[in-house]
Amino acid sequence: MVNPSIAQDTQVLLQEQERTSEKQLKEILSSYQGKKEELIPILQQVQQAFGYLPEPMMKKIAKFLKLPESTIFGVSTFYAQFKLVPSGRNIIRVCRGTACHVRGSAEILGEVEKQLGIKAGETTPGLEYSLETIACFGSCALAPVVVTNGKVHGRMTAPKAREMLKKGAH
Amino acid sequence: MSTSAPTEVKERKMDTIKLTINGRDVIAKTGVTVLEAALNAGIYIPTLCYDPDLKPYGGCRLCVVEIEGMRGLVSSCTTPATDGTVVHTETERVNRSRRITMKLIIANHHGDCLTCAKNQDCELLKIARYLGIEQEHIDRLRKGTQVLPVDKSHPAFIRDPNKCILCGKCVRACHEIAVVGAIDLAFRGNSAKVTTFGDEPIVESICKSCGECVARCPTGALMPKWEKPPAKEVKTVCPYCGVGCSIYLGVRDNKIVSVRGDSEGPANKGSLCVKGRWGYDFINHPERLTTPLIRIPDVARQAGHNGRVQEIFREAKWDEALELVANKLFELRQNYGADSIAALSSAKCTNEDNYVMQKFVRAVIGTNNIDHCARLCHASTVVGGIAAFGQGAMSNSYSDFEKTELFFVIGSNTTECHPVLGSLIKRRVKFGGAKLIVADPRSIELGEYAAVRLPHNPGTDVALLNGIMHVIIRDGLEDKEFIQERTEAFEDMRQLVERYTPEAVEAITGVPQADLEAAARLFGEARSACILYGMGITQHTTGTDNVKSIANLLLLTGNMGREGTGFSPLRGQNNVQGACDMGALPNVYPGYQRVDDPAVRTKFETAWGCKLSDRPGVTTTEIANAILGGDIRGLYVMGENPVLSEPHLEHTRQALERLEFLVVQDIFLSETAWMADVVFPAAAYAEKDGTFTNTERRIQRVRQAILPPGEAKPDWEIISTLAEKIGQPLCYQNASQIMEEIASLTPIYGGVHFNRLDNDSLQWPCPDALHPGTSFLYRDGFARGRGKFHAVDYVPPAESISKGYPLVLTTGRVLEHWHTGTMSRRSNVLNELYPNGVVEMSPDDATKLGLIEGDLVVVASKRGRVETPVHITEKSPPGLVFMPFHWREAAANILTNDALDPVAKIPEYKVSAVNAVLAVLDRASQDNAFLARLAENPAEALKEYEVTAEEKAALMSGDIRKIESWLGKLDERLKTWLMLRLSQEKW
């Protein structure tokens, strides 16, 4: 049965969270004028603050810019830089560029997917890891490369990747 | 392609240009694109993304042409035509490019053309043929293998992204025409598609179901679910609201199988709303009345019904039913006089039906007891408008809205009640630079587009308008010249509004002073302004005062009698304007000629060849009391449903039960028809000829598309035959003949004849056969001479909130439904989109009452109670609840107040004091006083009742099992409600 006092607590907590994030959004928006050309900078700033673009935020941005919500969604899904779901605290990027591919990055990606139990583009349930692929990182001399939280690991192999994840790729 | 040879114009007009297309000289209007210039000259250029109603897009790249002097190929739809431009539309280079583009479009298209419902009208297919695309071309390209899920969520249409070519027409129609923005292009590359916010099914989005997208889709990506290709199309007028959209009904096998907006329709220019486009299937509904019905003797006339027609009525032949009614009416007249009979005419019927009905009542029965539902919607407009201007109709036209600088919308939820007009206002504000002021207690959609929102308390319109005028006069923004030259009685009004300072007005209306001032300045400074209003103004005990205040504001600022200005009461029903014009009112003959004016009466007596009564009759809202008082004994109802539409329904039902004789003429067995002694089956709008007059006084032809079901007949024909049975035949052969008689007796319709309406419409006043009709009134003077100011003081609504009834109930319509639901609830699409009634409540009030979305609640006023689910929405401000009145299962009018405006006799639907309680709690506490008290005030309940320490502890800790052990088993929802209530109590 629902325990109303717990439900109440959760509700209070959620409301509290909502208030804080609403305040944060308001702060971000306060430096804009509400012109439609400000959409992308706003989305970027909101993503920086929240790690992704939460739906309620996108709706509020739509209201602020007097643009249809569907347009905000269209722009957010068009650009690869925007995320609509929260990312993990650690972002692992496996390079799938030509040089890395030739040197076996498919196997590395497979290994990482197996270890984390997610596919590329997904995030582990506890928001620990997000796994992404990139087309080329520009470090072909070190191919194949894996980038964890911005740190480049060169000459990667599947066993090395496994080791790295075991130690915690932070 | 027709190529009417361009006439070599010697003297070219100033606003034209000359260009050369494919070696031919073409004259075009300045400002058109190359594509438009070509199309207008009959030169075909293939295109998939061009639509004359939408802004140039340049998306499909099929309309490319060569223009001399320009590099490469240019898209003709985005290139302005300039004088001297030389264009080539069919060179090999052009067609090669088009073919490549086309192949790329088709490469991703599923080639199931044979079974695609669009195949005959598919633009893609047509252009592919035109360009000569061959199978081998397509085979060479990689075929799209992706199969995307089809969105079938909407009851009216499907969205198949596999057939979508991303031309963006649907997106642009949604943004630019409907101004809704439910869909847009999203995602990228191969995944790009048209979708809603969050990629949700369309029915869960903000889509308003207007179908502007479906109407424009060039392929089968957006397809109606139920439409069939029609065998023929018939042009007529939409039967729903008063906007008067011109439509084409698609007919096949004596059934309506499609509806299409008429792009030349003066009111809608092709646009339609959800009701007009999808709500047509009620016509073919199996419950249509097909034969006269006679109540079985001894079956009591009770409100409410069990759904078994055979137990209440028996089918009868026309002759028998008509004779019965004729005899009964004759008998009543013999025994109690003509005034013992009353009739309700109908705003849904044609002008011809209404004319014949009022003539029947006046000339055959001999009474002026005729009224119709305009009493319930715009009676105060007629009274107020006549007092101020001499005429109660809308003074301007939609064409004025195209020019107006400022819209002031008060008491009208335009986007839901007059959707096509609502979109026009949104377009004017969003793209045309017009400004908007919205005054409404609820947060209606138009508010999002407003420069200033004035959320005033319900029923405080006079104070609000007086406040605005106070500021305008204080700041010297009034039109002194206009006041001087064209108005009278200004001084009294000026003195009165002096008291309505912004502070005083804020105290009454709740509108912040700064907003009031901003609105007043906007209105005072606008060069042209219109005031659009609806039931929020009229349905009050102060309805007439409200209308007079609107007139005051327009006169004060000189916003009358000029293009782009004016007085715009938005009429709710397809032909409510016409029904009023036809004299279906107790005090006037057709054309507002007074029954108590001897000269007028003589004219009608001569024309109709009989004596006429000089006593104005009773109004719709007075009929119930007149029945209960024994004055009225027989009632003839044509196409109205008072058992759901009157205020304080219990009272109305009791009255109707007391009638000696009730005849109802309708297309369905309405709630009122269930109570009738005799029911006549009538033809619906698609089954008869006639005319409707829309809210801008535009008279348009209604044309018969199909035959009526069974033995149903047009209303005027039924009445004519009945008159014959009574012994005073009216002798009409067709609707056109009736209009001839109307024109001969009604000066404002003097020039209206069916032959003039064949290809055109006319706006009254149209006094003679050569008169072109009148787009806006009072150019040279008001109908009463000078416009009259009225000093109108604020009077609060008849009912105010109290401890027992702490919420204000306001009623109205929702987008998907119409009036008592007789038609819209019998439309599958409309019914599926919005299946049942709700009470809308603010999150604040819901929290206070412990309600969650969808909870069944009992809403009660002093007059009655209804049970309905709650919808929690910020549309309602705290303290205000809203109920649509379309559902008999949750009839809002059981609750509404039947207090009347003293002059117009319109009831106060918009303000009733009510309370709301969780339904299970209401039921449980009916026989449990302790529970009732506990729910109301737990701490006090503990003090008032003797409870043991153990019980007290259980209550204070919310131990529901213990509580149940002595209160008895509680409903699950009630348990959670009670626990929450107890946990919130500060003991």
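The values are calculated or read from the model by the stated rules, or taken from the named source; none is laboratory data. The model shown is predicted, which means the values in this text are computed figures rather than measured ones. Cβ atoms come from the backbone with ideal geometry, glycine included; neighbour counts cover every protein chain shown.
The table below gives the values:
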| item | result |
| --- | --- |
| Where residue A:123 falls short, out of the listed (1) surrounded by fewer than 17 Cβ atoms within 10 Å (Cβ to Cβ); (2) within 30 Å of residue A:28 (Cα to Cα); (3) in contact with a Pro (Cβ under 9 Å, 6 or more places away or on another chain) | (1) |
| Meets criteria (touching a residue at least 24 places away in the same chain (Cβ under 8 Å), of a type in the set (Gly, Ala, Ser) and crowded, with 24+ Cβ neighbours inside 10 Å) for residue B:676 | yes |
| Qualifying residue in the stretch B:523-532 (condition: under 29 Å from residue B:799 (Cα atoms) and part of a helix (DSSP H, G or I)) | no |
| Contacts under 8 angstrom Cβ, first residue in the stretch B:316-334 being over 18 Å from residue B:659 (Cα atoms), partner surrounded by 14 or more Cβ atoms within 10 Å (Cβ to Cβ) and among the acidic types (Asp, Glu), 6 or more apart | B:318/B:711 |
| Filter pass, residue B:692 being closer than 20 Å to residue B:365 by Cβ, at pLDDT 95 or above, crowded, with 21+ Cβ neighbours inside 10 Å and of a type outside the set (A, V, I, L, M) | no |
| Residues of the stretch B:506-543 that turn out to be surrounded by fewer than 24 Cβ atoms within 10 Å (Cβ to Cβ) and among the hydrophobic types (A, V, I, L, M, F, W, C), as a count | 6 |
| Residue list for the stretch A:103-119, filter: part of a loop (DSSP other than H, G, I, E, B) and over 23 Å from residue A:50 (Cβ atoms) | A:103, A:104, A:117, A:119 |
| Unmet requirement for residue A:115, which otherwise passes all of (1) within 19 Å of the chain's Cα centre (by Cα); (2) of a type outside the set (D, E, K, R); (3) away from chain B (no Cβ under 14 Å) | (1) |
| Those residues of the stretch B:770-807 which are farther than 21 Å from residue B:533 by Cα and in a strand (DSSP E or B), in sequence order | B:785, B:807 |
| Residue among B:165, B:127 that alone is β-branched (Val, Ile, Thr), more than 18 Å from residue A:72 (Cβ to Cβ) and not in a loop (DSSP other than H, G, I, E, B) | B:127 |
| Unmet requirement for residue B:560, which otherwise passes all of (1) closer than 26 Å to residue B:782 by Cβ; (2) out of contact with any strand residue (DSSP E or B) (no Cβ under 7 Å at 6 or more places or on another chain); (3) assigned to a loop (DSSP other than H, G, I, E, B) | (2) |
| Qualifying residue in the stretch B:818-828 (condition: among the aliphatic types (A, V, I, L, M), crowded, with 19+ Cβ neighbours inside 10 Å and part of a strand (DSSP E or B)) | no |
| Filtered residues of the stretch B:386-437 (kept if assigned to a helix (DSSP H, G or I), among the β-branched types (Val, Ile, Thr) and closer than 15 Å to residue B:530 by Cβ) | B:414, B:425, B:429 |
| Qualifying positions in the stretch B:814-848 - aliphatic (A, V, I, L, M) and out of contact with any helix residue (DSSP H, G or I) (no Cβ under 9 Å at 6 or more places or on another chain) | B:838, B:841, B:846 |
| Selection count, the stretch B:851-863, where residues are in a strand (DSSP E or B) and either at positive phi or in contact with a Phe, Trp or Tyr (Cβ under 9 Å, 6 or more places away or on another chain) (or both) | 2 |
| In the stretch A:1-42, the residues that are modelled with pLDDT of 85 or more, within 14 Å of chain B (Cβ to nearest Cβ), surrounded by 11 or more Cβ atoms within 10 Å (Cβ to Cβ) and in a helix (DSSP H, G or I) | A:39 |
| Filtered residues of the stretch B:176-198 (kept if surrounded by fewer than 23 Cβ atoms within 10 Å (Cβ to Cβ), in a helix (DSSP H, G or I) and either at pLDDT 95 or above or more than 8 Å from chain A (Cβ to nearest Cβ) (or both)) | B:176, B:189, B:190, B:191 |
| The one condition in (1) farther than 30 Å from residue B:791 by Cβ; (2) within 15 Å of the chain's Cα centre (by Cα) that residue B:411 fails to fulfil | (1) |
| The lone exception for residue B:90 - which of (1) assigned to a loop (DSSP other than H, G, I, E, B); (2) within 44 Å of the chain's Cα centre (by Cα) it fails | (2) |
| Scope the stretch B:402-441; condition of a type in the set (Ser, Thr, Tyr) and either surrounded by fewer than 22 Cβ atoms within 10 Å (Cβ to Cβ) or farther than 16 Å from residue B:572 by Cβ (or both); matching residues | B:404, B:423 |
| Matching residues, the stretch B:958-978, being in a helix (DSSP H, G or I), within 14 Å of chain A (Cβ to nearest Cβ) and in contact (Cβ under 8 Å) with a residue 24 or more places away in the chain | B:973, B:974, B:977, B:978 |
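Residues are listed down the side, and each one gets a yes or a no for (1) assigned to a helix (DSSP H, G or I); (2) out of contact with any Phe, Trp or Tyr (no Cβ under 8 Å at 6 or more places or on another chain); (3) under 15 Å from residue A:131 (Cβ atoms):
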{"residue": "A:53", "(1), (2), (3)": "no, no, no"}
{"residue": "A:57", "(1), (2), (3)": "yes, no, no"}
{"residue": "A:67", "(1), (2), (3)": "no, yes, no"}
{"residue": "A:77", "(1), (2), (3)": "yes, no, no"}
{"residue": "A:92", "(1), (2), (3)": "no, no, yes"}
{"residue": "A:101", "(1), (2), (3)": "yes, yes, no"}
